[in-house]
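Here is the structure we will look at, set down as C-alpha cells.
Just so it is clear, none of the values below were taken in a lab; they were calculated from the coordinates. Everything numeric in this text was worked out from a predicted model, so none of it was measured. FYI the Cβ positions are ideal-geometry reconstructions off the backbone, even for glycines, and counts take in every protein chain you see.
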Amino acid sequence: MQLHYFRSDTGNFGDELNPWLLSRLSPSLIDDDDQRVLVAIGSLLNERLNQWVGPREAFIFGTGIGYGALAQIRDNWRVFAVRGKRSRAALRLPDSTPLGDAAIMLRSLPQRPARVPQHEYGFMPHHNSCYSVYWASTCRALGIHFIDPRQKDAGRVIEEIAACRCLIAEAMHGAVVADCLRVPWVPVQLYDHIDRNKWDDWGSALGVAPQFVPWRQLLQSDTRAARVKAQALAPFALARCRKRSRDLAQLSDERELDACHARLCEAFERLCRQASQG
C-alpha cells in the first residue's frame, strides 16, 4: 500500500517521521500498490483526505483531526487507531477504538537512540516558526541546543532530542518523541499557528494534559517590522521558557505510556495481518 502524509517542501519532522518509522516497523508494508493507502502520523483526518483517498481503501493508524472540516469515514476505510479522545469523539468512532499517536511506535524499535544527555535544554520550534527569528543564534546565546524541525533526516532529529535533558517544544512531535525517550518536555506557544487541540488530543491517550508556558505570542512575520520585533522579543521569550521549564517540565506516567504502546502494537499487528490478506 502507499503511505500518505503531508510533504513539505521545506521539511517538517512530524511528517518526515512517517517513512522513517513505518519502513522500520514493517519494511514490506509500503509498496507501489496505489489501491490501498496507509494514513498514520499527522493531523490528516480532514476533508482533504476524503478527496485524496477517493474510492481507494484506507488504513487509518494513529492519525488525528485538524486543519479543516472533519473527514467523513467511508465504508472502505479501516480504522485501527486514532491519535486521541478528541479525534475519536469528533469522528463518532466506537469507544473501543484504540488511542495513541502513531509516533509512539518508536518504542517498538530495538535500535532507537539511547538517551545520552549532552545538552541541559533543547528547543524545537514549529516548522512554521522558523522563518521570522534566527533561532540558531538566539539559542546559542542562551546556551540552549537548537533542533531544526525542517531537517529531512528524522533519525538525526531523534538523536538530537535524546541528547537533551529537557526539551522545550513548540513542535508537538518533538514532545511526542521526547516522551517516548523519557526526556522531559515543556510545551510552548510563541505563535498563533500552534493548535493546542492537537496536543490535548495526543495527551488524552496518555492521561496527561499539556501545560503550556504562559507567554504572549510573538507577532506574526507578515511584515518586515513584525519580523524585527519578533527577533527582538525571541531571546526574552525563550529565556522565560527555560526558566519556567524547571517547574513545568512534563512526562507521561511510564505505565500509561506502556499501556498505550501495547494497544498500538496490537492494532498495528491487526493492520499488517489484514494488509497481507489483500
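Tabulated results
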| item | result |
| --- | --- |
| C-alpha center-to-center spacing [the range 101-124, the range 13-91] in angstrom | 23 |
| Per-residue ³J(HN,Hα) for the range 54-69, Karplus 6.51 cos²θ - 1.76 cosθ + 1.60, θ = phi - 60°, Hz, x for Gly and Pro | x, x, 6, 7, 10, 10, 9, 9, x, 9, x, 7, x, 6, x, 4 |
| Residue-wise HN-Hα coupling along the range 78-91, computed from phi with Karplus coefficients 6.51, -1.76, 1.60 (Hz; x: Gly, Pro) | 10, 9, 9, 6, 10, 5, x, 5, 4, 5, 4, 5, 4, 8 |
| Share of Cα-Cα pairs in the range 88-207 lying beyond 19 Å, as whole percent | 49 |
| Fewest-first sequence of V188, V183 by Cβ atoms within 10 Å of each Cβ | V183, V188 |
| Extended-chain gain in nm, criterion 0.36 nm per residue less alpha-carbon gap, D95 and D33 | 19.2 nm |
| Long-range HN-HN contacts of F59 with modeled amide H, under 5 Å | V37, L38, V39, R78 |
| Residue order, fewest to most beta carbons within 10 Å, for L17, L44, L109 | L109, L44, L17 |
| 222 nm mean residue ellipticity, helices alone, for the chain (DSSP H n ≥ 4; -39,500 (n - 2.57); rounded to 500) | -12500 deg cm²/dmol |
| DSSP H segments from the chain that extend 20 Å or more along their own axis, Cα-based, with Kyte-Doolittle mean of -0.5 or above | 224-248 |
| Among A141, A237, A262: highest mean-square fluctuation, GNM of the chain, C-alpha pairs under 10 Å | A141 |
| Using a Förster distance of 45 Å, the FRET efficiency for A141-Q111 (Cβ separation, nearest 0.05) | 0.80 |
| Cα-Cα separations in the chain greater than 34 Å, expressed as whole percent | 18 |
| Sites E159 and A69 - FRET efficiency at Förster radius 30 Å, r taken between beta-carbons, to 0.05 | 0.20 |
| Segments 48-54, 173-179 sorted - mean Cβ within 10 Å per residue, highest first | 173-179, 48-54 |
